[in-house]
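Since the structure comes first, as structure tokens, the remarks are kept for the end.
Any read-out appearing in this document is the output of simple, stated calculations on the displayed coordinates, not a laboratory observation. Keep in mind that this is a model prediction, so the values were computed, not measured. Don't worry about glycine lacking a Cβ; one is built from the backbone with ideal geometry, like all the others, and counts go over all protein chains shown.
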Amino acid sequence: MNIGVIGAGSISDMHLQAYEKQEGVKLYAICDLKEQRAKDKAKQYDIEHVYTDYRELLANPDIEAVSICTWNNTHAEISIAALRAGKHVLVEKPLCRSVEEARLIQEAVTETGKLLQVGFVRRYDANAQLVKRFIDKGELGEVYYAKASCIRRLGNPGGWFADTERSGGGPLIDIGVHVIDLCWYMMGRPKPVSVSGNTYHKLGNRSNVQHLSFYKAADYDANFNTVEDMANALIRFENGASLLVDVSFTLHAKKDEITVKLYGDKGGVELEPELVFIAEANDTILNITPQTDHKSINVPEAFRREISHFVACCQSGDTPISPVEDGLEMMKMLCGIYESAAKGQEIRL
Ligand SMILES: NC(=O)c1ccc[n+]([C@@H]2O[C@H](COP(=O)([O-])OP(=O)(O)OC[C@H]3O[C@@H](n4cnc5c(N)ncnc54)[C@H](O)[C@@H]3O)[C@@H](O)[C@H]2O)c1
């Protein structure tokens, strides 16, 4: 299977390394607006064809599937063009920037019959799949509450991430999407019915801070920032379950923090910061630690599993475990939270 990778920035390495390890797959083409960036990756990963215009890559009939690793504002346009060009698509999270864009992508999937997998990489981690098995077997009973945090005390990556027009938003759409999705997937993807959210633009990007380093986009510009510093939200589901989340690019917090916790009527589980199940037996509360290679997500391995699943689905015709429908539902929740924050009231979805 010949693969094209569109977008040769930071995250493309995770895709490229995973495809490299995948049997029956050839890294065939790479594209980036910045030619040198694409050329460097082509050299590093031994890729024959280099493009600066994704339309030219898509016109190559030898390419069967593409990974889209570009800015969020291009996901809809490139996904739709790729599907119409007869390619299967793995698109990075978030699916796009709005519910309208998500619906157009979904229509293109239906119209073309091609496969689209959303890059909700956390679902593919081995620990996440282990927990899903326990939940599906009823070990936690009914999961009625989930709580997630993804707090960076200093970590606005700047560049396109800090430009609402290109990103669709700040920490909520960039890192909140991961933990909201993981909880929602574990809860059995209940239908969201309402959201209540707050966003804050209080601290800016804090480019003045010294002595602490953080990830910066390739095109970092400290003078430009239009995204929120932090967001929090309560999501209510049709089955009565609820999800509470807070995320930040910067906050006066003591340290960075990631937590993903699910609570059922028979037991609970924490996926982050460390995998642990909580149960009750013989009138005793038990914290049970599964013996696994990693206590929390193993990112390169999760990408390897995500891409292995994508390739397998392309070959079998099976629907991926993170299909376009889930990308659409996620956009309803994220955009609902932004709308709720702007209006200062709860939004019915
Ligand atoms: N799954 C994850 O954990 C994860 C982590 C980081 C980023 N991402 C997602 O991956 C995507 C890319 O993020 P990144 O960190 O690699 O950003 P980046 O800025 O490092 O790279 C993006 C690249 O896309 C290129 N590009 C933009 N528009 C293009 C177009 N129309 N045609 C060709 N190239 C184009 C840019 O020139 C740039 O090189 C985003 O959607 C982001 O949300 C996912």
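The table for this structure:
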| item | result |
| --- | --- |
| Listed residues Ala38, Leu27, Gly86: farthest to the positive end of the dipole of the chain (Cβ charges) | Ala38 |
| Number of Lys pairs (Cα under 19 Å; 8 or more positions apart or on different chains) in region 2-120 | 9 |
| Net charge of Cβ neighbours under 13 Å - reference Glu280; Lys, Arg +1; Asp, Glu -1 | -2 |
| Rounded Å value of the spacing that divides the Cα centres of region 2-64 and region 90-119 | 20 Å |
| For the chain, built as a Gaussian network whose Cα springs stay under 10 Å, the top-fluctuating residue of Val299, Val50, Val324 | Val299 |
| Surface/4 of the Cα convex hull for region 2-120, nm² | 6.6 nm² |
| Gyration tensor over alpha-carbon atoms, region 78-200, equivalent ellipsoid semi-axes in Å | 26, 22, 14 |
| Residues of type aspartates and glutamates that Lys137 reaches as a straight line, Cα spacing below 16 Å, ignoring anything fewer than 8 places off in the same chain | Asp265 |
| The chain, relative contact order in percent, only Cα pairs under 8 angstrom and at least six apart counted | 21 percent |
| Calculated P(r) tail over 38 Å for the chain, as whole % of Cα pairs | 15 percent |
| Test item: Cα-centred dipole of region 2-120, Lys/Arg +1 and Asp/Glu -1 on Cβ, debye | 140 debye |
| Principal axis dimensions, region 87-143 - Cα atoms, whole angstrom, descending | 39, 22, 21 |
| Computed over region 173-297, Cα set: Rg, Dmax in Å | 17.9, 60 |
